[in-house]
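A short write-up of the structure that comes next.
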Amino acid sequence: MALDHLALLQQELAAFQDCLTGDLSTPIEHCGDWTLHDLVVHLGQENLWAAAAVRERRGDYVADPPPANVVSWFADTARTLTATLAVDPATEAWTFFPPRTVGFWRRRRCLETLVHRWDAEHALNRPGMLNPELSGDGIAEVVDGFVPRQIRLGRMSPFRAAVRLTATDLRACWLLGHGDPVAELSGTAADLLLMLWGRRPVPWDSLSGDEASAREVLRGPLVP
């Protein structure tokens, strides 16, 4: 069944917004020296950037600095984004890898918000669940979209081996690299997604096969 990324995006934005009743000075573990306040600004400005990519078909939009009340401002950016994306998903838009459509942004903003919602909940010690099917979609986005882009931009070297990623809760797998896999890494879809985005360490005890080659494949950077 195809995922309704717009509906899921609305849910993830609302879940992130729920975190903003916490202390906005709380450090975000996996985002350098950012605080929750910084994460709000980042996600909100990217909401506006994505909206401009659809409305103006350009990727060089720079959002103005937010006002003092970033919580209310973030809610406004979320409404702007979802209203902009509430059109035919086949509508043309500027994107940084294919497809060049609104559907790209529905998916991308949904997955971006999913990971940053986890960041916020993790920082506030409010562990939440990640939708397994959406997490699996996020794994596919990394494998099929971000990794080729990272290689194309010279941020990482082309793979010399392949590793199979297997989501134990979905009975689904993805091939990271080309050719027959030399190793297999297993875990829940959420755990694999968080690993790919640097939120969880690689579960080496769940690896079977050639660990040395797998380490070379997984050293990345697989994502920006």
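Among [x] 110; [y] 164; [z] 129, which is the computed volume of the Cα convex hull per residue in Å³? Recomputing volume of the Cα convex hull per residue in Å³ here gives the entry labelled [z]. If only the Cβ of Lys and Arg carry +1 and only the Cβ of Asp and Glu carry -1, the dipole of the range 135-224 around its Cα centre is close to 380 debye.
Atom-type composition of the exposed protein surface of the range 146-198 places 49 percent of the accessible area on carbon and sulfur (1.4 angstrom probe). The dipole here belongs to the chain: it is taken about the Cα centre, uses +1 on the Cβ of Lys and Arg and -1 on the Cβ of Asp and Glu, and is about 560 debye.
Taking every C-alpha pair closer than 8 Å and separated by at least 6 residues, the mean separation divided by the residue count of the range 157-202 gives a relative contact order of 35 percent.
Helix content alone sets the calculated 222 nm mean residue ellipticity of the chain: runs of n ≥ 4 DSSP H residues at -39500 (n - 2.57) each, divided across all residues, give -14500 deg cm²/dmol.
Sort out for me the Cα centre separation of the range 192-224 from the range 1-18, rounded to whole Å. Measuring centre to centre over Cα atoms gives 27 Å.
Taking Cα pairs under 8 Å and at least six residues apart, what relative contact order does the chain come out at, in percent?
Numbers: 331 pairs, mean separation 38.5, N = 224.
The value is 17 percent.
Between the Cα long axis of helix 70-85 and the first principal axis of the chain there is an angle of about 70°, rounded to the nearest 10. Counting only protein heavy atoms and a probe of 1.4 Å, the accessible surface of the range 36-79 is 50% carbon and sulfur. Averaging Cα coordinates gives a centre for the range 22-58 and one for the range 88-110; these two points are 19 Å apart.
With protein chains left intact and a 1.4 Å probe, residues in the chain average 48 Å² of accessible area per residue.
The values are calculated or read from the model by the stated rules, or taken from the named source; none is laboratory data. Note that the coordinates shown come from a computational prediction; the quantities given were computed from them, not determined experimentally. Cβ coordinates were reconstructed from backbone atoms using ideal geometry, including for glycine residues, and neighbour counts include every protein chain displayed. Heavy atoms of the whole protein, side chains included, go into the accessibility calculation; ligands, DNA and RNA do not. Shrake-Rupley method; radii C 1.70, N 1.55, O 1.52, S 1.80 Å.
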